[in-house]
1. At 7 Å along the Cα-to-beta-carbon direction for both residue 22 and residue 122, put a label point, then send me their distance in nm to one decimal.
2. Could you check the simple spin-label distance between residue 131 and residue 237, using points 7 Å along Cα→Cβ, in nm with one decimal?
3. Taking only Cα atoms of the chain, what ratio of Rg to Rh do you get with Rh as the Kirkwood inverse-distance radius?
4. Work from the charge dipole of segment 175-348 (Cβ charges, +1 for Lys and Arg, -1 for Asp and Glu, about the Cα centre) and give the residue of 337, 209, 260 farthest towards its positive end.
5. With 5 Å bins from zero, work out the P(r) of segment 75-139 over every alpha carbon pair and list the percent per bin.
6. Average projected area of the Cα convex hull of segment 3-168, in nm²?
7. For the chain, what does the relative contact order come out to in percent, with C-alpha contacts under 8 Å and a separation of six or more?
8. Within the chain, which whole H helices from DSSP have a Cα span along their axis of at least 18 Å and a mean Kyte-Doolittle hydropathy of -0.5 or more, if any?
Amino acid sequence: MSRDELVALGGQIDHVKVISSEYAYEPGSKAERGAERRVALCFGLAALFGLAFVVAYLFWPWEVNATPPTEKSPALYYTPILGATLGGSLLFLGAGLVIWAKKLMPHEVSVQERHEGASAEVDRQATAATLMQGADSLGLGKNKILRRSLLGAGGALGLASIIPLGGLIKNPYKDNELYFTAWEADMRLVRANGSPVRPGDMEPGSMETVYPPVPGAIHMEDAATMLIRMHHDQAEVFQARPINQGNKENGGQARWNEYVAYSKICSHLGCPVSLYEQETGRILCPCHQSQFDIAKDAKPVFGPATRSLAALPITVDDAGYFIAKSDYREAVGPAFWDRERRPADDKQ
């Protein structure tokens, strides 16, 4: 049996009666060709927008500069451009499919009587033939412009869907971003306004937020550091952790006299620990109420945090200003999968 005969047989078996079946335009007419061009135009625009999304995703500047961004900063338009290009691709692809269905496919009105029971073999063959008949009615076989434009639009949109997955594949060890900060040896500890700090600038029990003297340091997530001057009685009972004790390998004690410097990133979940109780000598995290005891080298004594805050080794230069001996001797912030792997010698 031919396909048409199988389709007709399938209709009879399923008690389907075709009331009407007609095309919006006469096949081969000028109106039909115009509809084909409109569909192809929509698919072409969908492909262009999809490719534009890929190009923008890969090459448009997305990192906001360390300095406060201005209205002219291209990074501010990264997300809107991605939304506009991907949305445009989906919009034109949908518009093309709607025009195709409305103008180029047959409009059929059918009535089917409901019946019960499993489908027989002939029913399955008839159903398959009907599906193939429907595929032929799409016109992909005879309309090359529709087939090619649809493939282009679908390919570009598919590429736009796959490319962002590459952002999830990242070498965690590249540049060792998780292990090191902007602090380096002999860098002065400066305030947000760039002024350096002397020991005499601080009273016992006081705290200063300091940064490395590099451009945009105040906007770096891991650069902010608490410089604290302990009370005399706190300094006398200070218990340094082994990593912060003085030896030839690590460059000496992390503290300088009664002064200590700790990362402002909580070791629990990375919140900013910016509260300091000078009477109790405790650093408080406002997010989950972890508390760190200065006299015990910022050891957690309350709350969910389980690790001490990272200490910045400090000393004083010849001009009397605080400087860093090195970067933090351990990774700052919360734990991660390979935290203990941190290279000890240099920033790679």
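Laboratory data are not the source of any read-out in this text; all were calculated from the coordinates shown. Predicted model only: the values in this text are computed from it and were never measured. Note that each Cβ is placed from the backbone with ideal geometry, even for glycine, and that neighbours are counted across all protein chains shown.
1. Calculated label separation equals 3.3 nm.
2. Rounded to a tenth, the inter-label distance reads 7.9 nm.
3. Numbers: Rg = 34.5 Å, Rh = 26.4 Å.
Value, to two decimals: 1.31.
4. 337
5. Result, from short to long distances: 3, 12, 11, 15, 12, 11, 10, 8, 7, 5, 3, 2, 1 percent.
6. Details: hull surface 59.0 nm².
The Cα convex hull of segment 3-168, projected and averaged over all directions, gives 14.7 nm².
7. Details: 594 pairs, mean separation 56.1, N = 348.
Taking the mean separation of contacting Cα pairs over the length of the chain, I get 16 percent.
8. Working: long enough: 30-59 (43 Å, 1.03); 78-99 (32 Å, 1.60); 121-137 (24 Å, -0.44); 144-162 (26 Å, 0.91).
What comes out of the filter, once short or polar helices are dropped, is 30-59, 78-99, 121-137, 144-162.
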